[in-house]
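This report concerns only the one structure given below.
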Amino acid sequence: MYKLLQIVDGNVVAEYELTEERFSIGRNPGNALQPDDASVSGDHAAVVLTPSAYLDDAVEASIEDLGSTNGTFINGKPVRRQLLRHGDMLTVGMLSLKFIDEQALALGGTRILLDEES
């Protein structure tokens, strides 16, 4: 199972389980996470779960920027779309989220992910 932890001043203030195919982030109604933060666009980003092309019964998570004004960042680098890995820090406007892969935690942090872009 995948989760996003909302981090404020180094503390976890909220936890979101990623159980649907799409977890949208933005100020507009209808988004799964609607922060009251002007730095977050109305429809800012989405975490998308898709079946793995390499492992049967596995699901991969990726973040996708939806044309936001202030961008979407993973570990401080701007992204349009990128596969997420356990421990990645996402920045959406001023919102900080940590991506958690509970399967990787159960395996002691070891998980093999193949990236087609390499």
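Selection of first residues in region 53-68 that are open to solvent by 70 Å² or more (accessible area, probe 1.4 Å) and of second residues that are in a loop (DSSP other than H, G, I, E, B), restricted to Cβ pairs under 7 Å at least 6 apart or on distinct chains, gives the following pairs, ordered by first then second residue: 54/114.
Quickly run through region 53-83 and pick out the residues that are among the small types (Gly, Ala, Ser), part of a loop (DSSP other than H, G, I, E, B) and touching a Leu at 6+ places or on another chain (Cβ under 9 Å).
53
Evaluate the following for residue 96: is it open to solvent by less than 80 Å² (accessible area, probe 1.4 Å) and assigned to a loop (DSSP other than H, G, I, E, B)? It is false that residue 96 is open to solvent by less than 80 Å² (accessible area, probe 1.4 Å) and assigned to a loop (DSSP other than H, G, I, E, B).
If you go through region 1-23 and keep only what is free of Cβ contacts under 8 Å to residues at least 40 places away in the same chain and within 19 Å of residue 81 (Cα to Cα), you end up with 20, 21, 22, 23. Are any of the residues in region 3-23 over 23 Å from residue 103 (Cβ atoms) and either in contact with a Leu (Cβ under 8 Å, 6 or more places away or on another chain) or open to solvent by less than 30 Å² (accessible area, probe 1.4 Å) (or both)? Scanning region 3-23, I find no residue that is over 23 Å from residue 103 (Cβ atoms) and either in contact with a Leu (Cβ under 8 Å, 6 or more places away or on another chain) or open to solvent by less than 30 Å² (accessible area, probe 1.4 Å) (or both), so the answer is no. Taking first residues from region 32-52 that are without any contact (Cβ under 8 Å) to a residue 12 or more places away in the chain and in a strand (DSSP E or B) and partners that are surrounded by fewer than 18 Cβ atoms within 10 Å (Cβ to Cβ) and hydrophobic (A, V, I, L, M, F, W, C), the Cβ contacts under 8 Å between residues at least 6 apart in sequence or on separate chains come to 51/58; 51/59.
The values are calculated or read from the model by the stated rules, or taken from the named source; none is laboratory data. Predicted model, so just to flag it, every value in this text is computed and none were measured. Neighbour counts are summed over all protein chains in view; Cβ atoms, including those assigned to glycine, are modelled from backbone coordinates with ideal geometry. We work out accessible area using only protein heavy atoms, side chains counted, and drop any ligands, DNA or RNA first. Shrake-Rupley method; radii C 1.70, N 1.55, O 1.52, S 1.80 Å.
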